[in-house]
Amino acid sequence: MKTLGSYFIFLGSLLTNREKFRVYVKLVFDECIEIGINSVFIVSIVATFLGAVTCVQTADNLVSPFVPNYIISLIVRDSSILEFAPTITCVVLSGKVGSHIAGGLGTMRITEQIDALEVMGINSISYLVLPKIIAALVMFPMLVILSGFLSILGGYMAGVATGVISPEDYIRGLRYDFRTFNIPFALIKSIAFAFLITSISSFKGYFTQGGALEVGQASTAAVTNSCIAVLIADYLLAQLLLL
């Protein structure tokens, strides 16, 4: 409970004694590049192969002649939009982005760079952490949209290349009984996950104590706690918004 209370106090400090708006503009753009642009490659690879594997494995399990082929792409579509794109992508990003944030802030803490900011009268939490959270809130939904598209495209390429489904059936399955709320639901999840990953990782890195070993431990704790928070939030959001 003490750690949880410290976390909420940490969040409250984000909005107190802020710098001028123009100070944050460059910081946010830099973080957008680090968090978003530099994560495009890993997100693209994971999403494409997840869609391809889902398509092939679904086709292998549909052995009944009474089940139409377009059900394959329907399953790929719904699993990609509802789970693969927002949740699996953010779990991957919790490893890449979360460890980077925790390691960076932890290094700044043990080398007394954060203390130097405080001596100059700067709210170090707001100056260092707020741009990361804003950048994540902007970039994570974009990465999730990219992930969903590539997952569906990967399923299409794998299904057509292996001959388990025709292009016409795949497109028909994508259009069949589509729930438009699935798209806003995936984006809501991505925003929630973005906040959890960046805030938890920043919290772990900011309060690092010790030396290089403790920085590594903080990075590991950040990734572990972020993944757990993402999975819990995934269940709660599904329970709240889908049922």
Pick from ALA158, ALA194: which is more than 17 Å from the chain's Cα centre (by Cα), surrounded by 14 or more Cβ atoms within 10 Å (Cβ to Cβ) and not acidic (Asp, Glu)?
-> ALA158
State which residue pairs qualify: first residue under 24 Å from CYS90 (Cα atoms) and inside the stretch 45-71, second residue outside any helix (DSSP H, G or I) and at pLDDT 90 or above in any location, beta carbons under 6 Å apart, and separation of 6 or more residues or different chains.
-> none
Within the stretch 92-99, identify whether any single residue is without any contact (Cβ under 8 Å) to a residue 60 or more places away in the chain, in contact with a helix residue (DSSP H, G or I) (Cβ under 8 Å, 6 or more places away or on another chain), of a type outside the set (A, V, I, L, M, F, W, C) and in a helix (DSSP H, G or I), and answer yes or no.
-> yes
Criterion (hydroxyl-bearing (Ser, Thr, Tyr) and either under 24 Å from GLU31 (Cα atoms) or modelled with pLDDT of 95 or more (or both)) met by exactly one of SER151, SER126 | SER126
Listed residues ARG18, ARG22; which is at pLDDT below 85, among the basic types (Lys, Arg) and surrounded by 13 or more Cβ atoms within 10 Å (Cβ to Cβ)?
-> ARG18
Set ALA47, ALA52: member being under 18 Å from PHE149 (Cα atoms), under 16 Å from the mean Cα position of the chain (by Cα) and not aromatic (Phe, Trp, Tyr) | ALA47
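Sort out which residues of the stretch 198-232 are among the aliphatic types (A, V, I, L, M) and without any contact (Cβ under 8 Å) to a residue 24 or more places away in the chain, and write them in order of number.
LEU213, ILE228, ILE232
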Got a number for residues in the stretch 130-145 being under 14 Å from PRO86 (Cα atoms) and either in contact with a Ser or Thr (Cβ under 7 Å, 6 or more places away or on another chain) or not in a helix (DSSP H, G or I) (or both)?
-> 5
Just one listed residue, out of ILE81, ILE88, ILE101, is in contact with a Phe, Trp or Tyr (Cβ under 9 Å, 6 or more places away or on another chain) and buried (at least 17 other Cβ atoms within 10 Å of the Cβ), and it is ILE81
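The values are calculated or read from the model by the stated rules, or taken from the named source; none is laboratory data. All values reported here derive from a predicted model rather than from experimental measurement. So basically every Cβ, Gly included, is an ideal-geometry build from the backbone, and we count neighbours across all protein chains shown.
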